[in-house]
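Peer 1: For reference, the structure I am asking about is given below.
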Amino acid sequence: MNELLLLMKNELMVTAIIFLLLFIKVGKGMSNDRLLPVVQTLLLANLILGCFFNQEGALFGNMYHTTPLIALQKNILGLGVYLISLVCSDWLKKTEHLAEFFLLMLSALLGMYLLISGGNLLIFYLSLELATIPVAAMANFDLDKKRSSEGAMKQILSSAFSSGILLFGISLIYGITGTISFSELPQLADGSALFIMAFIFLFSALAFKLSIVPFHLWTADVYEGAPVPVTAFLSVVSKGAVAFVLMTVLYKVFQPIESTWYILVVILSVASMLIGNLFAVRQQNIKRFLAFSSIAQVGFILVGVSSGDIGSSTAVVYFVLIYLFSNLAAFGVATVIAAYSGKENISDYKGLYQTNPFLSWVMALALFSLAGIPPTAGFFGKLFLLTAGGSKGSYVYLLIAALNMIISLYYYLRVVRAMFMDKNETPVPPIQTGASAKLGLIICGIGIVLTGMMGWIYDYIQSLH
Amino acid sequence: MMEPGLYHILFISAALFFIGIYGFFTRRNLITMLMSTELILNSVNLNFIAFNKYLWPGKMDGLFFTVFVIAIAAAEAAVGIAIIINLYRSHQSIDVASAEDLKY
């Protein structure tokens, strides 16, 4: 019993918060101004609790297992949700159904925790669904906006379709090997053509969730239609969770067919980087722009995933942490501006520096980090990803990745130029940022600067393997 | 009369799977698209049951999986239909072609 409480503490804590929110909603209810600090404190408590007593263990006949590294991955996701609750607080305070919003978001987070910890294809499937269905409901949160419901429709249809494909792959794997347990599969995998087909079905479902090209078609529409906090959640937390589980699936379960998945990962990552970058160049809406930029970033994550040793999984965890800070800072500024002025186009950001210097600096820092310019953490993240990807000696692949970093500089700096150098007759008026949003943006900014400087973070992640 | 074997059932389930995919890509009505995904899920159920009965009678994982798939499919359909109803309220139509504000 003690072991159960200790090993599943993250999941139990999130479940407790979910029930508390349900009781608050069913009971008298609370005003948004009072409920939001409560939720933020609880999420912080979850984060602090997650840092202690992390040990290795398995429960329920190996259906659930955890290690210190998995606990760290969960904490990174928890940090993401906490930061979203901070940086998006200006939007959250205005929404009519705050309790439901967090209910859905925390259900999805619970699904992601179980997804990372799962040791069985059944748990894998169930938690993947738990992590996606609430997000589709969240995407529809602006109930009276046409675009919001259109985005949600695209999200639910594509996720239903992809889970169908995932299940077909799982059923074939069950048919070939007779087991669905992660620990037994590597011995029974025979590498036959049918097994590879089943693997491709399973991989393409994960690619749908990660929005890797060519499975990215829903991404930009959902990101643009959904409210900004939901977009931030989709692009940071759910991407991170699926990237973590992708490593488990590829490195442990499909270890016997490594030569097959290596080719697949290389081709898809090149396609993601190129198409994500080229489409990001021509975007006008800031959310669409960040959507395509996140597709390109996933391509870079795949460069790190491709090599399949300890260095690559360290580099991916490290990069996801940095990506979380940078992307949430960018989405945080976009939320603040959208909440106060309703403006979402890049051309509206012209002259932002004259009226809102703080927001412009945070945005510029975030974009520099996403582009991978040296003093910021993004540079170190990309450096480790490319180093890990290069350990197999395919230098042409690294060259393509490096060239893509140069293309991405162009469009990230386009936004910076609009904010700092372009003149505008009617810029966004000065915005009084709320205290918690400011706190969140400052945490993100500190994270962007310091995560790269402090080498012990990388060493710490490596020591957990 | 021939006794139906594993291959007959696998043939039916593969056919159902591809009918579902074909329907998903060609139909323009949202409810029909949702129905197509249900067809895909049901083909998977058939697969699991057939594998369990003919190949791995001792390992009940397939049977359990089917039960969970049915439950999740219901949940997915519930959320999907709720979203479609909301879409109908704002667009006055459940045709995919009507919902194309978001484009490049």
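Peer 1: Kindly indicate the residue of the range A:85-102 that is aliphatic (A, V, I, L, M) and under 12 Å from A:L35 (Cα atoms) and also surrounded by the most Cβ atoms within 10 Å (Cβ to Cβ) among those meeting that condition.
Peer 2: A:L92
Peer 1: Then there is this: Being at pLDDT 90 or above, within 22 Å of B:F17 (Cα to Cα) and β-branched (V, I, T): is that true of A:I180 here?
Peer 2: Spelling it out, it is not the case that A:I180 is at pLDDT 90 or above, within 22 Å of B:F17 (Cα to Cα) and β-branched (V, I, T).
Peer 1: Follow-up question, since we're still on this one. Quick one: which helices (runs of 4 or more DSSP H) lie wholly within the range A:34-122 and hold at least 2 residues that are closer than 15 Å to A:G240 by Cβ?
Peer 2: Output list reads A:68-87, A:98-117.
Peer 1: Report whether or not A:I176 is aliphatic (A, V, I, L, M), within 12 Å of chain B (Cβ to nearest Cβ) and either surrounded by fewer than 20 Cβ atoms within 10 Å (Cβ to Cβ) or touching a Gly at 6+ places or on another chain (Cβ under 8 Å) (or both).
Peer 2: yes
Peer 1: Quick one: count up the residues across the range B:46-99 that are farther than 20 Å from A:L143 by Cβ, outside any helix (DSSP H, G or I) and either touching a residue at least 12 places away in the same chain (Cβ under 8 Å) or of a type in the set (D, E, K, R) (or both).
Peer 2: Total meeting the criteria: 3.
Peer 1: Where in the range A:277-386 are the helices (runs of 4 or more DSSP H), entirely inside, with at least 1 residues that are under 30 Å from A:Q255 (Cβ atoms) and touching a Phe, Trp or Tyr at 6+ places or on another chain (Cβ under 7 Å)?
Peer 2: Here the list reads A:286-305, A:310-341.
Peer 1: I've got another one for you. Step by step: first the residues of the range B:65-79, then only those that are more than 7 Å from every other protein chain (Cβ to nearest Cβ) and loosely packed, with under 15 Cβ neighbours inside 10 Å, then the one that is nearest to A:I133 (Cα to Cα). Which residue is that? It would help to see each step written out before you state the result.
Peer 2: Kept after step one, since they are more than 7 Å from every other protein chain (Cβ to nearest Cβ), are these residues of the range B:65-79: B:66-67, B:70-71, B:73-74, B:77-78.
So of that shortlist, the ones also loosely packed, with under 15 Cβ neighbours inside 10 Å come out as B:67, B:70-71, B:74, B:78.
Working: B:V67: 18, B:I70: 15, B:A71: 13, B:A74: 12, B:A78: 10 Å.
Going through the qualifying residues, I end up with B:A78.
Peer 1: Something else: Would you pick out the residues in the range A:417-448 that are assigned to a helix (DSSP H, G or I) and surrounded by fewer than 16 Cβ atoms within 10 Å (Cβ to Cβ)? Reasoning before the result, please.
Peer 2: Filtering the range A:417-448 down to residues assigned to a helix (DSSP H, G or I) leaves A:417-420, A:435-448.
Result: A:R417, A:A435, A:I442, A:I446.
Peer 1: Considering each of A:L121, A:L157 in turn, give the residue that is in contact with a strand residue (DSSP E or B) (Cβ under 8 Å, 6 or more places away or on another chain) and within 9 Å of another protein chain (Cβ to nearest Cβ).
Peer 2: Within the list A:L121, A:L157, the selection yields A:L121.
Peer 1: Identify the residue in the range B:17-33 that is surrounded by fewer than 22 Cβ atoms within 10 Å (Cβ to Cβ) and under 16 Å from A:S163 (Cβ atoms) and, among all such residues, is nearest to the other protein chains (Cβ to nearest Cβ).
Peer 2: For the range B:17-33, the residue satisfying everything is B:F24.
Peer 1: Cβ-Cβ below 6 Å, separation at least six or inter-chain, first residue in the range A:16-31 and within 22 Å of A:S89 (Cβ to Cβ), second among the aromatic types (F, W, Y) and surrounded by 13 or more Cβ atoms within 10 Å (Cβ to Cβ): which pairs?
Peer 2: A:L21/A:F102
Peer 1: OK, next. Of everything in the range A:162-173, what is without any contact (Cβ under 8 Å) to a residue 40 or more places away in the chain and either touching a Gly at 6+ places or on another chain (Cβ under 6 Å) or at the interface with chain B (Cβ under 9 Å from one of its Cβ atoms) (or both)? Give them in sequence order.
Peer 2: A:G164, A:F168, A:S171, A:L172, listed by residue number.
The values are calculated or read from the model by the stated rules, or taken from the named source; none is laboratory data. What you see is a predicted model, and the numbers here were worked out from it, not measured in a lab. Quick reminder, even Gly has a Cβ in these numbers, built from the backbone with ideal geometry, and neighbours come from all protein chains shown.
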